[in-house]
Amino acid sequence: MSEVLNVGIVGTGIFAKERHLPSYQELSEKFKVVAAFNRTKSKAEEFAKLAGIANDKVYDNLDEILNDESVSYIDALLPVQFNADIVQKCIAAGKPIIMEKPIAATMEQARQIVKLSDSTELPVGVAENWLYLSCTDVVKSHLTEIGPIEAFTYNSTGPFVLHNKYLSTTWRQHPEHIGGFLSDGGVHQLALLTDILGEIESVSALTKQVRKQSGTDDIVFSTLKLRDSSVIGTFTYGSAFGSCEKSVFLKIYGLNGSILLNVSNKKNPYVEVIVGGSAEADAKTSRFEISQEDSFGVNSEFLNFREAVLNKEKHLLKSTPRKAFHHLACVAAFLKSSSENGNNVPVEQP
Ligand SMILES: NC(=O)c1ccc[n+]([C@@H]2O[C@H](COP(=O)([O-])OP(=O)(O)OC[C@H]3O[C@@H](n4cnc5c(N)ncnc54)[C@H](OP(=O)(O)O)[C@@H]3O)[C@@H](O)[C@H]2O)c1
(Lines give C-alpha, C1' and ligand atoms only; values in the text may rest on other atoms or scores of the structure.)
Protein backbone atom coordinates (compact mmCIF):
# COMPACT_ATOMS: atom_id res chain seq x y z
CA MET A 1 0.00 0.00 0.00
CA SER A 2 1.53 3.30 -1.04
CA GLU A 3 -1.02 5.74 0.40
CA VAL A 4 0.60 8.48 2.47
CA LEU A 5 -1.07 9.11 5.82
CA ASN A 6 -1.26 12.71 7.01
CA VAL A 7 -0.25 13.05 10.65
CA GLY A 8 -1.46 15.70 13.08
CA ILE A 9 0.90 16.09 16.05
CA VAL A 10 -0.49 17.24 19.40
CA GLY A 11 2.27 18.10 21.88
CA THR A 12 5.44 19.21 20.10
CA GLY A 13 7.86 18.62 22.99
CA ILE A 14 11.10 16.68 23.30
CA PHE A 15 10.02 13.28 22.02
CA ALA A 16 7.91 14.69 19.19
CA LYS A 17 10.90 16.61 17.90
CA GLU A 18 13.68 14.13 18.62
CA ARG A 19 12.03 10.80 17.77
CA HIS A 20 8.54 10.92 16.22
CA LEU A 21 9.43 13.52 13.58
CA PRO A 22 12.68 11.79 12.49
CA SER A 23 10.79 8.48 12.27
CA TYR A 24 8.07 10.00 10.09
CA GLN A 25 10.76 11.62 7.93
CA GLU A 26 12.57 8.28 7.55
CA LEU A 27 9.26 6.77 6.43
CA SER A 28 8.34 9.68 4.15
CA GLU A 29 6.75 7.44 1.51
CA LYS A 30 4.18 6.37 4.06
CA PHE A 31 3.68 9.38 6.37
CA LYS A 32 3.62 13.15 6.13
CA VAL A 33 3.41 15.38 9.19
CA VAL A 34 0.93 18.02 8.03
CA ALA A 35 -0.42 19.77 11.14
CA ALA A 36 0.50 20.55 14.74
CA PHE A 37 -0.97 21.92 17.92
CA ASN A 38 0.93 22.69 21.10
CA ARG A 39 -0.06 24.52 24.28
CA THR A 40 2.78 27.00 23.69
CA LYS A 41 2.30 27.98 20.07
CA SER A 42 5.87 29.21 19.49
CA LYS A 43 7.11 25.65 20.08
CA ALA A 44 4.63 24.31 17.53
CA GLU A 45 5.86 26.94 15.04
CA GLU A 46 9.46 25.89 15.60
CA PHE A 47 8.41 22.25 15.14
CA ALA A 48 6.49 23.18 11.98
CA LYS A 49 9.66 24.61 10.42
CA LEU A 50 11.52 21.34 11.03
CA ALA A 51 8.60 19.28 9.76
CA GLY A 52 7.74 21.45 6.76
CA ILE A 53 4.21 22.11 8.05
CA ALA A 54 2.39 25.03 6.40
CA ASN A 55 1.84 28.08 8.65
CA ASP A 56 -1.95 27.81 8.49
CA LYS A 57 -1.72 24.23 9.80
CA VAL A 58 -0.17 25.28 13.11
CA TYR A 59 -3.34 25.43 15.12
CA ASP A 60 -4.41 27.46 18.14
CA ASN A 61 -6.48 24.78 19.78
CA LEU A 62 -7.27 21.09 19.75
CA ASP A 63 -10.65 21.47 18.03
CA GLU A 64 -9.02 23.04 14.97
CA ILE A 65 -6.63 20.16 14.38
CA LEU A 66 -9.41 17.61 15.05
CA ASN A 67 -11.64 19.34 12.50
CA ASP A 68 -8.95 19.35 9.81
CA GLU A 69 -10.24 16.78 7.34
CA SER A 70 -6.85 16.38 5.72
CA VAL A 71 -5.44 14.91 8.97
CA SER A 72 -5.61 11.09 8.82
CA TYR A 73 -4.87 10.58 12.51
CA ILE A 74 -3.63 12.28 15.66
CA ASP A 75 -0.29 11.45 17.25
CA ALA A 76 -0.45 12.75 20.84
CA LEU A 77 2.69 13.30 22.94
CA LEU A 78 1.31 14.96 26.04
CA PRO A 79 1.83 14.69 29.77
CA VAL A 80 -0.10 11.46 30.20
CA GLN A 81 -2.80 12.90 32.48
CA PHE A 82 -4.26 14.40 29.27
CA ASN A 83 -4.46 11.13 27.33
CA ALA A 84 -8.00 10.15 28.38
CA ASP A 85 -9.38 13.53 27.41
CA ILE A 86 -7.77 13.57 23.96
CA VAL A 87 -8.84 9.98 23.22
CA GLN A 88 -12.43 10.98 23.97
CA LYS A 89 -12.19 14.05 21.70
CA CYS A 90 -10.53 12.12 18.85
CA ILE A 91 -13.24 9.47 18.91
CA ALA A 92 -15.95 12.15 18.91
CA ALA A 93 -14.23 13.74 15.88
CA GLY A 94 -13.85 10.39 14.10
CA LYS A 95 -10.05 10.51 14.16
CA PRO A 96 -7.83 7.50 14.95
CA ILE A 97 -5.26 8.28 17.65
CA ILE A 98 -1.94 6.96 18.79
CA MET A 99 -0.84 8.38 22.16
CA GLU A 100 2.45 8.05 23.98
CA LYS A 101 2.87 5.73 26.95
CA PRO A 102 2.18 5.24 29.82
CA ILE A 103 -1.49 4.89 28.92
CA ALA A 104 -2.64 7.34 31.60
CA ALA A 105 -1.81 8.97 34.91
CA THR A 106 -4.19 6.85 37.01
CA MET A 107 -5.83 3.46 36.77
CA GLU A 108 -9.21 5.18 36.59
CA GLN A 109 -8.16 7.09 33.47
CA ALA A 110 -6.56 3.94 32.03
CA ARG A 111 -9.83 2.05 32.51
CA GLN A 112 -11.67 4.92 30.81
CA ILE A 113 -9.34 4.71 27.78
CA VAL A 114 -9.84 0.93 27.48
CA LYS A 115 -13.62 1.49 27.58
CA LEU A 116 -13.43 4.27 25.00
CA SER A 117 -11.34 2.15 22.64
CA ASP A 118 -13.75 -0.79 23.08
CA SER A 119 -16.61 1.55 22.16
CA THR A 120 -15.25 2.47 18.71
CA GLU A 121 -14.03 0.83 15.52
CA LEU A 122 -11.41 3.58 15.18
CA PRO A 123 -7.84 2.46 15.92
CA VAL A 124 -6.77 3.74 19.36
CA GLY A 125 -3.12 2.87 19.94
CA VAL A 126 -0.66 3.39 22.74
CA ALA A 127 2.84 4.11 21.48
CA GLU A 128 4.84 1.47 23.36
CA ASN A 129 7.95 1.05 21.23
CA TRP A 130 9.38 -1.73 23.45
CA LEU A 131 6.68 -4.01 22.00
CA TYR A 132 8.37 -3.74 18.60
CA LEU A 133 11.95 -4.82 19.34
CA SER A 134 13.43 -7.51 17.13
CA CYS A 135 15.23 -9.15 20.10
CA THR A 136 11.83 -10.24 21.45
CA ASP A 137 11.22 -12.53 18.47
CA VAL A 138 14.66 -14.11 18.91
CA VAL A 139 13.89 -14.92 22.57
CA LYS A 140 10.42 -16.26 21.74
CA SER A 141 11.80 -18.53 19.02
CA HIS A 142 14.05 -20.31 21.56
CA LEU A 143 11.69 -20.61 24.52
CA THR A 144 10.64 -24.20 23.84
CA GLU A 145 14.28 -25.37 23.78
CA ILE A 146 14.80 -24.65 27.47
CA GLY A 147 11.92 -26.84 28.56
CA PRO A 148 9.11 -25.77 30.81
CA ILE A 149 9.81 -22.29 32.13
CA GLU A 150 10.01 -22.11 35.90
CA ALA A 151 11.24 -18.64 36.79
CA PHE A 152 12.76 -15.38 35.59
CA THR A 153 14.68 -12.32 36.69
CA TYR A 154 14.12 -8.93 35.07
CA ASN A 155 16.59 -6.20 35.93
CA SER A 156 16.73 -2.62 34.71
CA THR A 157 19.07 -0.54 36.82
CA GLY A 158 21.43 2.31 36.19
CA PRO A 159 23.03 5.47 37.54
CA PHE A 160 21.07 8.67 38.05
CA VAL A 161 21.60 11.08 35.16
CA LEU A 162 21.80 14.57 36.67
CA HIS A 163 21.46 16.36 33.33
CA ASN A 164 18.61 14.26 31.98
CA LYS A 165 16.58 16.45 29.61
CA TYR A 166 13.39 14.69 30.66
CA LEU A 167 13.97 15.73 34.29
CA SER A 168 13.56 19.35 33.25
CA THR A 169 9.91 18.87 32.21
CA THR A 170 7.65 20.17 34.98
CA TRP A 171 5.08 17.40 34.56
CA ARG A 172 7.81 14.89 35.46
CA GLN A 173 9.14 16.99 38.37
CA HIS A 174 5.66 17.09 39.89
CA PRO A 175 4.16 13.86 38.60
CA GLU A 176 0.40 13.43 38.48
CA HIS A 177 1.04 10.01 36.91
CA ILE A 178 1.29 7.21 39.46
CA GLY A 179 4.82 6.15 40.24
CA GLY A 180 6.51 9.05 38.39
CA PHE A 181 9.59 7.53 36.75
CA LEU A 182 8.43 4.06 37.84
CA SER A 183 5.61 4.30 35.33
CA ASP A 184 7.39 6.62 32.87
CA GLY A 185 10.23 4.16 32.21
CA GLY A 186 8.95 1.08 34.03
CA VAL A 187 6.10 0.42 31.59
CA HIS A 188 8.68 -0.15 28.82
CA GLN A 189 10.34 -2.88 30.86
CA LEU A 190 6.99 -4.43 31.78
CA ALA A 191 5.98 -4.36 28.11
CA LEU A 192 9.08 -6.31 27.11
CA LEU A 193 8.77 -8.78 29.98
CA THR A 194 5.06 -9.51 29.53
CA ASP A 195 5.27 -9.65 25.73
CA ILE A 196 7.72 -12.53 26.13
CA LEU A 197 6.36 -14.35 29.17
CA GLY A 198 2.73 -13.28 29.55
CA GLU A 199 0.73 -11.20 32.02
CA ILE A 200 1.50 -10.81 35.69
CA GLU A 201 -1.10 -11.99 38.19
CA SER A 202 0.22 -10.71 41.51
CA VAL A 203 3.18 -8.88 43.00
CA SER A 204 4.97 -8.35 46.29
CA ALA A 205 7.02 -5.20 46.11
CA LEU A 206 8.92 -2.56 47.99
CA THR A 207 9.38 0.84 46.37
CA LYS A 208 11.15 3.93 47.60
CA GLN A 209 12.27 7.38 46.60
CA VAL A 210 16.04 7.71 46.22
CA ARG A 211 16.30 11.09 44.44
CA LYS A 212 14.30 14.13 45.44
CA GLN A 213 14.28 15.23 41.77
CA SER A 214 12.09 12.22 40.93
CA GLY A 215 9.15 13.75 42.80
CA THR A 216 8.01 10.36 44.09
CA ASP A 217 9.20 6.76 44.49
CA ASP A 218 11.78 5.91 41.86
CA ILE A 219 12.96 2.34 42.54
CA VAL A 220 11.14 -0.97 42.89
CA PHE A 221 12.34 -4.38 44.03
CA SER A 222 9.68 -7.05 43.67
CA THR A 223 8.67 -10.67 43.24
CA LEU A 224 5.97 -11.65 40.76
CA LYS A 225 3.76 -14.55 39.74
CA LEU A 226 2.56 -14.91 36.15
CA ARG A 227 -1.18 -15.16 35.45
CA ASP A 228 -2.64 -18.68 35.25
CA SER A 229 0.81 -20.18 35.54
CA SER A 230 3.24 -21.44 38.18
CA VAL A 231 6.08 -19.27 36.78
CA ILE A 232 7.56 -16.92 39.38
CA GLY A 233 10.16 -14.19 39.04
CA THR A 234 11.67 -10.95 40.18
CA PHE A 235 11.46 -7.45 38.72
CA THR A 236 13.91 -4.74 39.70
CA TYR A 237 13.79 -1.24 38.27
CA GLY A 238 15.48 2.05 38.99
CA SER A 239 17.90 4.55 37.51
CA ALA A 240 18.38 6.57 40.65
CA PHE A 241 21.63 5.11 41.94
CA GLY A 242 25.22 6.35 42.15
CA SER A 243 27.79 5.22 39.62
CA CYS A 244 27.01 1.75 38.35
CA GLU A 245 26.82 -0.07 35.08
CA LYS A 246 23.56 0.39 33.14
CA SER A 247 22.17 -3.10 33.21
CA VAL A 248 18.97 -4.17 31.45
CA PHE A 249 18.39 -7.89 31.14
CA LEU A 250 15.83 -10.66 31.33
CA LYS A 251 17.00 -14.10 32.39
CA ILE A 252 14.55 -16.94 31.91
CA TYR A 253 15.13 -20.24 33.70
CA GLY A 254 13.70 -23.51 32.37
CA LEU A 255 14.08 -27.15 33.38
CA ASN A 256 16.24 -27.70 30.30
CA GLY A 257 18.29 -24.52 30.22
CA SER A 258 18.11 -20.76 30.32
CA ILE A 259 17.89 -17.71 28.09
CA LEU A 260 19.51 -14.35 28.70
CA LEU A 261 18.27 -11.28 26.84
CA ASN A 262 20.63 -8.39 27.42
CA VAL A 263 19.44 -4.94 26.29
CA SER A 264 21.99 -2.91 28.28
CA ASN A 265 23.41 -1.65 25.00
CA LYS A 266 20.30 -0.55 23.12
CA LYS A 267 22.05 -0.59 19.76
CA ASN A 268 23.37 -4.12 20.18
CA PRO A 269 21.18 -6.32 22.34
CA TYR A 270 22.11 -9.99 22.49
CA VAL A 271 20.44 -13.25 23.37
CA GLU A 272 22.30 -16.18 24.91
CA VAL A 273 20.62 -19.57 24.98
CA ILE A 274 22.04 -22.39 27.14
CA VAL A 275 20.42 -25.78 26.60
CA GLY A 276 21.05 -28.53 29.14
CA GLY A 277 19.16 -30.22 31.95
CA SER A 278 21.62 -29.99 34.86
CA ALA A 279 25.12 -28.99 35.94
CA GLU A 280 26.38 -32.35 34.66
CA ALA A 281 24.80 -32.00 31.20
CA ASP A 282 26.92 -31.30 28.15
CA ALA A 283 25.26 -27.92 27.79
CA LYS A 284 25.16 -26.14 24.44
CA THR A 285 25.47 -22.34 24.39
CA SER A 286 24.37 -20.20 21.43
CA ARG A 287 24.71 -16.44 21.24
CA PHE A 288 22.72 -14.19 18.92
CA GLU A 289 23.87 -10.61 18.35
CA ILE A 290 21.02 -8.32 17.34
CA SER A 291 21.39 -5.07 15.53
CA GLN A 292 18.58 -2.82 16.73
CA GLU A 293 17.72 0.06 14.43
CA ASP A 294 18.08 3.62 15.77
CA SER A 295 14.39 4.34 16.34
CA PHE A 296 14.30 1.48 18.91
CA GLY A 297 10.94 0.19 17.71
CA VAL A 298 9.24 3.51 16.97
CA ASN A 299 9.35 3.07 13.17
CA SER A 300 7.77 -0.39 13.47
CA GLU A 301 5.14 0.92 15.87
CA PHE A 302 4.16 3.61 13.33
CA LEU A 303 4.01 1.06 10.51
CA ASN A 304 1.77 -1.18 12.63
CA PHE A 305 -0.53 1.74 13.44
CA ARG A 306 -0.61 2.66 9.73
CA GLU A 307 -1.81 -0.83 8.79
CA ALA A 308 -4.66 -0.53 11.31
CA VAL A 309 -5.66 2.93 10.02
CA LEU A 310 -5.45 2.08 6.32
CA ASN A 311 -7.36 -1.17 6.73
CA LYS A 312 -9.81 0.43 9.19
CA GLU A 313 -9.08 -2.60 11.36
CA LYS A 314 -8.23 -1.85 14.98
CA HIS A 315 -7.55 -5.53 15.68
CA LEU A 316 -4.31 -5.25 13.67
CA LEU A 317 -2.87 -3.07 16.43
CA LYS A 318 -0.16 -4.67 18.53
CA SER A 319 0.09 -1.97 21.17
CA THR A 320 -3.48 -1.78 22.44
CA PRO A 321 -4.94 0.11 25.40
CA ARG A 322 -5.60 -3.26 27.07
CA LYS A 323 -1.93 -4.21 26.94
CA ALA A 324 -0.84 -0.76 28.10
CA PHE A 325 -3.42 -0.97 30.91
CA HIS A 326 -1.66 -4.10 32.14
CA HIS A 327 1.75 -2.41 32.14
CA LEU A 328 0.45 0.48 34.24
CA ALA A 329 -1.57 -1.86 36.48
CA CYS A 330 1.68 -3.63 37.42
CA VAL A 331 3.15 -0.31 38.57
CA ALA A 332 -0.04 0.42 40.54
CA ALA A 333 0.28 -3.01 42.16
CA PHE A 334 3.94 -2.37 43.10
CA LEU A 335 2.91 0.85 44.84
CA LYS A 336 -0.05 -0.74 46.62
CA SER A 337 2.03 -3.70 47.78
CA SER A 338 4.77 -1.41 49.05
CA SER A 339 2.25 0.71 50.97
CA GLU A 340 1.22 -2.55 52.69
CA ASN A 341 4.82 -3.47 53.58
CA GLY A 342 5.22 -5.85 50.67
CA ASN A 343 1.93 -7.76 50.90
CA ASN A 344 1.08 -9.86 47.86
CA VAL A 345 -1.47 -7.91 45.78
CA PRO A 346 -3.29 -8.86 42.57
CA VAL A 347 -2.68 -6.86 39.39
CA GLU A 348 -5.92 -5.09 38.37
CA GLN A 349 -7.61 -6.10 35.14
CA PRO A 350 -9.64 -3.71 32.96
N1 LIG B 1 8.64 5.95 24.07
C2 LIG B 1 9.60 6.63 24.65
O3 LIG B 1 10.72 6.16 24.77
C4 LIG B 1 9.33 8.03 25.16
C5 LIG B 1 10.39 8.89 25.44
C6 LIG B 1 10.09 10.19 25.87
C7 LIG B 1 8.78 10.60 26.05
N8 LIG B 1 7.77 9.72 25.79
C9 LIG B 1 6.37 10.12 25.98
O10 LIG B 1 6.08 11.22 25.13
C11 LIG B 1 5.16 12.12 25.76
C12 LIG B 1 5.76 13.52 25.79
O13 LIG B 1 6.96 13.48 26.53
P14 LIG B 1 8.11 14.57 26.30
O15 LIG B 1 9.31 14.03 26.97
O16 LIG B 1 8.20 14.94 24.88
O17 LIG B 1 7.54 15.76 27.18
P18 LIG B 1 7.54 17.31 26.89
O19 LIG B 1 8.78 17.72 26.17
O20 LIG B 1 7.21 17.97 28.19
O21 LIG B 1 6.32 17.48 25.88
C22 LIG B 1 4.98 17.54 26.33
C23 LIG B 1 4.22 18.50 25.45
O24 LIG B 1 2.88 18.56 25.90
C25 LIG B 1 2.50 19.93 26.00
N26 LIG B 1 1.56 20.16 27.13
C27 LIG B 1 1.87 20.27 28.41
N28 LIG B 1 0.75 20.52 29.14
C29 LIG B 1 -0.25 20.56 28.27
C30 LIG B 1 -1.63 20.80 28.41
N31 LIG B 1 -2.18 21.04 29.60
N32 LIG B 1 -2.41 20.77 27.31
C33 LIG B 1 -1.85 20.57 26.12
N34 LIG B 1 -0.53 20.35 25.93
C35 LIG B 1 0.26 20.35 27.00
C36 LIG B 1 3.75 20.68 26.25
O37 LIG B 1 3.54 22.00 25.80
P38 LIG B 1 4.38 23.28 26.29
O39 LIG B 1 5.33 23.54 25.17
O40 LIG B 1 3.38 24.35 26.46
O41 LIG B 1 5.05 22.90 27.59
C42 LIG B 1 4.80 19.90 25.49
O43 LIG B 1 5.00 20.37 24.18
C44 LIG B 1 4.89 11.53 27.14
O45 LIG B 1 3.74 10.75 27.08
C46 LIG B 1 6.09 10.62 27.39
O47 LIG B 1 5.79 9.54 28.26
C48 LIG B 1 8.03 8.46 25.32
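Which shape class, rounded, prolate or oblate, goes with region 1-71 when its Cα gyration tensor gives a ≥ b ≥ c as root eigenvalues, a/c under 1.5 marks rounded, and past that a/b bigger than b/c marks prolate? Since a/c reaches 1.5 but b/c is at least a/b, the shape of region 1-71 is classed as oblate. Residues within the reach of a label modelled at GLU348 (point 7 angstrom out along Cα to beta-carbon, backbone nitrogen below 18 Å), restricted to region 94-117, are 101-117. Once all protein chains are placed together, ARG172 keeps about 30 Å² accessible to a 1.4 angstrom probe. Can you give me the angle between helix 186-197 and the longest principal axis of the chain, using Cα atoms only, in degrees from 0 to 90, rounded to the nearest 10? The helix 186-197 is inclined about 60 degrees to the chain. For the chain, the longest principal axis of the C-alpha atoms and the axis of helix 321-339 are separated by about 60°. Per-residue extension of 0.36 nm, minus the Cα-Cα distance of GLU150 and ASP56, leaves a gain of 28.0 nm for this segment. For the chain, the relative contact order comes to 19 percent (Cα pairs under 8 Å, sequence separation of at least 6). Once the mean of 1/r is taken over each pair of separate Cα atoms and inverted, region 273-330 shows a Kirkwood hydrodynamic radius of 15.2 Å. Accessible-area rank, largest first, for MET107, MET99: MET107, MET99, with all protein chains present and a 1.4 angstrom probe. Using the 1.4 Å probe convention, the accessible area of the chain works out to 44 Å² per residue with neighbouring protein chains retained. Note: relative contact order over region 5-128, using C-alpha pairs below 8 Å and six or more positions apart, is 23 percent.
Shown here are the Rg and Dmax of the Cα trace of region 5-128, at 13.5, 39 Å. Let me make sure I get this right: for the chain, a, b and c are the square roots of the gyration tensor eigenvalues over alpha carbons, sorted descending. Under 1.5 in a/c it's rounded, otherwise prolate if a/b > b/c, else oblate. Which is it? It is prolate, given that a/c is not under 1.5 and a/b is the larger ratio.
Axis of helix 83-93 versus longest Cα principal axis of the chain: the two differ by about 50°, to the nearest ten degrees.
The values are calculated or read from the model by the stated rules, or taken from the named source; none is laboratory data. As the structure is a prediction and not an experimental result, all values here were calculated from the model. With ideal geometry, Cβ positions are generated from the backbone for all residues, glycine too; neighbour counts draw on all protein chains shown. Heavy atoms of the whole protein, side chains included, go into the accessibility calculation; ligands, DNA and RNA do not. Shrake-Rupley method; radii C 1.70, N 1.55, O 1.52, S 1.80 Å.
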